[in-house]
1. Determine which member of the set 143, 207, 127 is at pLDDT below 95, surrounded by 11 or more Cβ atoms within 10 Å (Cβ to Cβ) and not hydroxyl-bearing (Ser, Thr, Tyr).
2. Here are the criteria: (1) surrounded by 23 or more Cβ atoms within 10 Å (Cβ to Cβ); (2) in contact with a Lys or Arg (Cβ under 9 Å, 6 or more places away or on another chain); (3) over 23 Å from residue 149 (Cα atoms). Tell me which single one residue 270 does not satisfy.
3. Going by what's in this entry, would residue 182 be described as surrounded by fewer than 21 Cβ atoms within 10 Å (Cβ to Cβ), within 14 Å of the chain's Cα centre (by Cα) and of a type outside the set (A, V, I, L, M, F, W, C)?
4. Given the conditions (1) in contact with a helix residue (DSSP H, G or I) (Cβ under 6 Å, 6 or more places away or on another chain); (2) under 30 Å from residue 147 (Cβ atoms); (3) surrounded by fewer than 20 Cβ atoms within 10 Å (Cβ to Cβ), report the number of the one that residue 219 does not fulfil.
5. Just need a number here: residues in the stretch 9-55 that are of a type in the set (Val, Ile, Thr), modelled with pLDDT of 70 or more and touching a helix residue (DSSP H, G or I) at 6+ places or on another chain (Cβ under 7 Å).
Amino acid sequence: MRTRYAALCLLGAAACATPGQVRRVETQVAVMQRNQERADSARAAELARIIAMQTRAMDSLMAVTRTLDRVDRGSREQTAELLEARKQILAIQQRIDQSQQGLRELRAQLDARSEMAAAAISIGDTVVTTTPTTSPVTTPAPVAGAPSAAVLYANGQQSLRINAFGTARNAFRELLKAYPTSSYAPDAAFYIGDAFLREQRTDSAQVSFGRVVREFPASMRAAAALYKLGVMAQDRGDLAAARGYFQQVVSPRYRAADEYELAQDRLKTLPL
């Protein structure tokens, strides 16, 4: 729709132009349409791939869950089989989380590309018009605005993928500063902590995850942050703190979070 609108604008602007200018406008419109079609096709293929991966993971999870139910009804002597099934569930849940993250990243990329395409169309080249009694008049293009939340989030995720953790944090911080109420804000705050954790800067990661819990308590990212805090506490031997974090994750408000069952399993393995 935006491409068609841009085409109409360009054609309208070229109504008073020379034949050569009209041909250039028509060529620009054709190029924009082809580029948009190729971009749409690539995004559709990527989205289909991620959805298919998530579907396979969900099917695997259901199969393992059925196996686990049968084991639970069986003898308690089958402890080894029970533990193995739980490990499989944890692995599958992690794959599901990865696929969901892929969907979130794809959404951010789609939003960012749409906004950048719209900005490019609105800026465009300068339009030259003529009248019978005047010389050509050049209208300058408008100046592009600041990056949107979607663009900043996509930039941060791209930096994370190449392990540019400082650059990623800067993008997420800029997002939080400029768009504190954006739907991307909880994810941005969470991945600041994740970037610190991947650098093994656990103190900074702990502070960042705590901020997610304080500022976005209703978000499922708060559950993810609490779970990370619990794992970090367990790793350093602070089992009381770990239990407290995991117990917060298993509250009713986070029942839909992926970390809900993970925290339940962690609580079962903690010594009393």
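The values are calculated or read from the model by the stated rules, or taken from the named source; none is laboratory data. What you see is a predicted model; the values in this text were computed from it and never measured. So basically every Cβ, Gly included, is an ideal-geometry build from the backbone, and we count neighbours across all protein chains shown.
1. It is 127.
2. Condition (1) is where residue 270 drops out.
3. Against the criterion (surrounded by fewer than 21 Cβ atoms within 10 Å (Cβ to Cβ), within 14 Å of the chain's Cα centre (by Cα) and of a type outside the set (A, V, I, L, M, F, W, C)), residue 182 qualifies.
4. (3)
5. 3
Matching residues to (1) free of Cβ contacts under 8 Å to residues at least 12 places away in the same chain; (2) of a type in the set (A, V, I, L, M); (3) more than 29 Å from residue 171 (Cβ to Cβ):
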| site | (1), (2), (3) |
| --- | --- |
| 203 | yes, no, no |
| 218 | no, yes, no |
| 234 | no, no, yes |
| 257 | no, yes, no |
| 261 | no, no, yes |
| 267 | no, yes, yes |
